[in-house]
Structure formats: C-alpha cells, structure tokens
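This report concerns only the one structure given below.
The values are calculated or read from the model by the stated rules, or taken from the named source; none is laboratory data. Everything numeric here is computed off the predicted structure, so don't read it as measured data. Please note: Cβ atoms are built from the backbone with ideal geometry, for glycine as well, and neighbour counts cover all protein chains shown. For the accessible areas, the whole protein counts, side chains as well, though only heavy atoms, and no ligand, DNA or RNA atoms are used. Shrake-Rupley method; radii C 1.70, N 1.55, O 1.52, S 1.80 Å.
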Amino acid sequence: MTTSEALRLAYAPFLFVALGLLAYIGIKYSQGKELPRQKRLSIVGLASIVMLIGAGLYIASWLI
C-alpha cells in the first residue's frame with residue numbers, strides 16, 4: 001500500500017466523525033431538546049477541526 005492510498009483510507013473516519021457530531025445536534029433539535037448555545041458552538045467547533053483534518057489528509061493524498 002502506498003502512502004497516497006493510506007492517506008485516502010485515513011480521511012474517511014474523520015469525515016464520518018464530523019458528520020456524526022453535526023447529526024447529534026440535529027437529532028437533539030428534532031427531539032425538541034435544543035442544546036445550549038455554548039455546547040452547540042463547542043460541538044460545531046470540534047466538528048470543524050475534525051473535518052479540516054480529514055480534508056487535509058485527502059488533499060495530501062493527491063499531492064503525494
């Protein structure tokens with residue numbers, strides 16, 4: 001397995017985690033239990049960081 005292939009395999013879990021975090025907010029909202037603003041912003045911030053890591057791995061896989 002080349003480095004490029006390994007990076008392509010590594011980025012998917014990061015994106016699934018980011019989508020899962022955002023889905024958590026949506027599920028809570030659909031249940032009528034809106035999260036407090038601070039908690040919601042911290043989850044969105046964490047999802048953004050995880051998504052940036054995943055996107056960085058994907059871009060790196062094409063550059064290597």
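I'd like the orientation of helix 3-30 relative to the chain: the angle between its Cα long axis and the longest Cα principal axis, in ° from 0 to 90, rounded to 10.
Helix 3-30 sits at roughly 10 degrees to that axis.
How much of the accessible area of the chain, in percent, comes from carbon and sulfur atoms when a 1.4 Å probe is used?
Details: 3320 of 4640 Å².
After summing per-atom areas, the C and S share lands at 72 percent.
Out of Ala12, Ala47, Ala23, any idea which swings most in a Gaussian network model of the chain, alpha carbons joined below 10 Å?
Highest fluctuation among the options: Ala23.
Just the number please: accessible area per residue for the chain, 1.4 Å probe, all protein chains included, in Å².
I get 73 Å² per residue for this part.
Give me log10 I(q)/I(0) at q = 0.15 Å⁻¹ for the stretch 1-46, Debye formula, one equal scatterer per alpha-carbon, no solvent.
Relative scattering, expressed as log10 I(q)/I(0), comes to -0.50.
Along Cα→Cβ, 7 Å out, is where each label goes; now give me the distance between the ones at Leu19 and Lys33 in nm to one decimal.
2.4 nm
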